[in-house]
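The values are calculated or read from the model by the stated rules, or taken from the named source; none is laboratory data. What you are looking at is a predicted structure, and each value in this text was computed from that prediction instead of being measured. All Cβ positions, even for glycine, are placed from backbone atoms using ideal geometry, and neighbour counts span all protein chains on display. Heads up: the accessible areas ignore ligands, DNA and RNA and are worked out on the full protein's heavy atoms, side chains in. Shrake-Rupley method; radii C 1.70, N 1.55, O 1.52, S 1.80 Å.
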Amino acid sequence: MGAQKRIGILTSGGDCAGLNAVIRAVVHRAMGTYGWEVLGICRATQGLMSRPPQVMHFEQEKVDRLLSMGGTVLGTTNKGNPFAFPMPDGNLCDRSQEIIDGYHQLGLSALIGIGGDGSLAILRKLAQQGGINFVGIPKTIDNDVGITERSIGFDTAVNIATEALDRLHFTAASHDRVMILEVMGRDAGHIAICAGIAGGADVILIPEIPYTLEKVCRKIKERQAQGKHFCVAIVSEAVCTTGGESITQSDRSGAYRFGGVGHYLADQISTYSGAETRVTVLGHTQRGGIPSPLDRLIAAAFGVAAVDLIAEEKYDCMVTWQNRQVVHVPIADAISQYQAVDPDGTLVKTARGLGICLGD
Ligand code: F6P
């Protein structure tokens, strides 16, 4: 059983489906198996910055409702790097020590952080600086965290995008239109390539393979010549042309965001191919909603494994999914190996083998 512990758990970065399922698994394992106390830290590291630290107390009997619930009951943020925290006067301030002090004030024995590569890097730096016993769990719809084959939230996002393609096929065929589905994923095209193959797209554009408009329009023309007067394309938000251009927008703070390439492409395609074109931007629907069974399964396995690592006092590591198993790796290794789609890998070969246009 081991010594009594009080552990913290937080969610950091953009939300996704399956975060609450991880929290549930951690509570069950830590409280049910080991008899520890679990404190939920509110709004990522900002909860540890607040005084008193903002926490949520869990009761094991009440967490089962979290299994299928989207979002994160703890709240999260993908802004406010504590090492360069934006202050009301516009200056950036290093507030890392406040977070470290918050962790120690709560008397925590260890902290579980559920995050993507950016959040995990920040949490690890805090842990190293402040003697925090840290275990990471990878989550992101982008599925770009190194070493792990899967991150929480990715499967649900792929399901949502695949369902959208299924729906678009019918309306595309009814109206003889080119339908463009713009999906998220930042610099990694995992959502687009997986949903594109699963959803039978005719064109899949991913950031790892620069495209030309000419190749996309050629595919549309080829289909027309075969008597197929419609075309369904899935486009990752950060795709770029062979000239290196991608479409971004900047917000009031000057920070850039992806988004808009679907409309840009629709305009170009209708100009150059004459095809009637419509765009669907899935946006944050890919992050919300009920987690898929696979995401719930991985959430459960990651949650249990992370608590077991703490029981064994193994820290500075991240749980990963490899060959149907949960194993753990040093966080430093995971965050130093960005995982993009392999342009020579199985998925790209499969897409090419099916005659799907990848824009190159
Ligand atoms: O990293 C997850 C992600 O959903 C990306 O796919 C997307 O580009 C970004 O976050 C959107 O961020 P925000 O919620 O800040 O608009």
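For a test of the definition: using alpha carbon positions, the gyration tensor, and the 1.5 limit on a/c, classify region 51-114 as rounded, prolate or oblate. Don't skip to the end; give the middle numbers.
Working: a/c = 2.93, a/b = 1.66, b/c = 1.77.
It comes out oblate by the Cα gyration axes.
Roughly how many percent of the accessible protein surface of the chain is carbon and sulfur, given a 1.4 Å probe and a whole-percent answer?
Working: 7670 of 15320 Å².
The computed percentage sits at 50.
Sorting 51-57, 316-322 by their mean Cβ neighbour count within 10 Å, with the most densely packed peptide first, gives 316-322, 51-57. Accessible area per residue for the chain is 43 Å², calculated with a 1.4 Å probe on protein heavy atoms, without ligands, DNA or RNA. Here each label is just a point 7 Å from Cα along the line to Cβ, and for Thr171 and Lys228 those points are 2.0 nm apart.
Which residues in region 28-59 place their backbone N less than 12 Å from a point set 7 Å from the Cα of Arg257 along the Cα-to-Cβ direction? Backbone N within reach: none found.
Distance from the alpha carbon centroid of region 35-63 to that of region 314-340 works out to 25 angstrom. Which shape class, rounded, prolate or oblate, goes with region 16-162 when its Cα gyration tensor gives a ≥ b ≥ c as root eigenvalues, a/c under 1.5 marks rounded, and past that a/b bigger than b/c marks prolate? The shape class here is oblate.
Per residue, the average separation of C-alpha pairs within less than 8 Å and at least 6 apart gives the chain a relative contact order of 22 percent. Can you classify region 142-239 as rounded, prolate or oblate using the Cα gyration tensor, where a ≥ b ≥ c are the square roots of its eigenvalues, rounded means a/c under 1.5, and otherwise it's prolate if a/b beats b/c and oblate if not? Note, shape of region 142-239 comes out oblate. Summary of packing: across the peptides 249-257, 265-273, the per-residue average of other C-beta atoms within 10 Å ranks them, highest first, as 265-273, 249-257.
Only helical DSSP H runs with n ≥ 4 go in: add -39500 (n - 2.57) per run for the chain, normalise by residue count and round the 222 nm mean residue ellipticity to 500 deg cm²/dmol.
Numbers: 11 runs with 126 residues, N = 360.
After summing the helix terms and dividing by the residues of the chain, the value is -10500 deg cm²/dmol.
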